[in-house]
Amino acid sequence: MEFTKVRSYIGNINQVFPVKEYRLCGGKMEGVHAIDIQNGAGLSLTVLPGRCLDIPALHYRGKALHFLSPTGITHPSYFGTAQQGWMDTFSAGFRTAGGLGNIGKGSRWQGVPVSMQGCISNTPAEHANILRGSEEGVPYVEVSGTMTEASLFGARFTLTRTLRVTYDRP
């Protein structure tokens, strides 16, 4: 149903287009910053500002469109620079960042160990933001943030991600 028709029947937009921000609890996921969004058209997803704005879970009309690895969601503090660091924290999901500092298997660069796929996926967002707005009378939610992968005398990479979810559109 069009939002202009729905608006007169609701008291709060969260009734039909909920956005919930929280911290995960238990095990290795303890403390990871998370946001759940449901758009009223059968699309629901979890975004992790605590993990590079990755999307570990995406459902459409109750069906999972993601793969969750055996590691599940892990807090970035469990990431190490060794070869296995990325493999031990790779949750897969619907969208996981990789690369920037390294693409592919771990190696050494100028005598410094470089982890498999870099460490950007284990980097919490700086300036994470949830913005509600509307365009032509249709509400949307934007989640954005900036992640930096850097070292004192090494490379410096910055990644900015923005995700927009629109009400009642898959």
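The values are calculated or read from the model by the stated rules, or taken from the named source; none is laboratory data. What you see is a predicted model, and the numbers here were worked out from it, not measured in a lab. Glycine gets a Cβ as well: all are built from the backbone with ideal geometry, and neighbour counts include every protein chain shown. Just the protein is used for accessible areas: all its heavy atoms, side chains included, with ligands, DNA and RNA removed. Shrake-Rupley method; radii C 1.70, N 1.55, O 1.52, S 1.80 Å.
Worth pointing out:
- With all protein chains in place and ligands, DNA and RNA left out, the 1.4 Å accessible area ranks F3, F17, F157, F94 as F94, F157, F3, F17, largest first.
- Rolled with a 1.4 Å probe across the full set of protein chains, the surface gives R51 an accessible area near 10 Å².
- Rolling a 1.4 Å probe over the protein heavy atoms of the range 1-79, with every protein chain left in place, gives an accessible area that is 55 percent carbon and sulfur.
- Accessible surface for Y60 stands near 70 Å², nearest 10, in the context of the full protein assembly shown (1.4 Å probe).
- Cα gyration tensor, the range 8-72 - rounded (a/c under 1.5), prolate or oblate: oblate
- Proximal charge balance of H75 [Cβ under 14 Å; K/R count +1, D/E count -1]: 0
- Between A92 and S69, the built amide H atoms are under 5 Å apart, and every one of these is 5 or more places off in sequence or on another chain.
- Between the amide H of H66 and those of L58, distances stay under 5 Å, these residues lying 5 or more places away or on another chain, with hydrogens modeled in the peptide plane.
- Per DSSP, loop GluC sites (Glu not before Pro) in the range 1-81 with at most 11 further Cβ within 10 Å: E2
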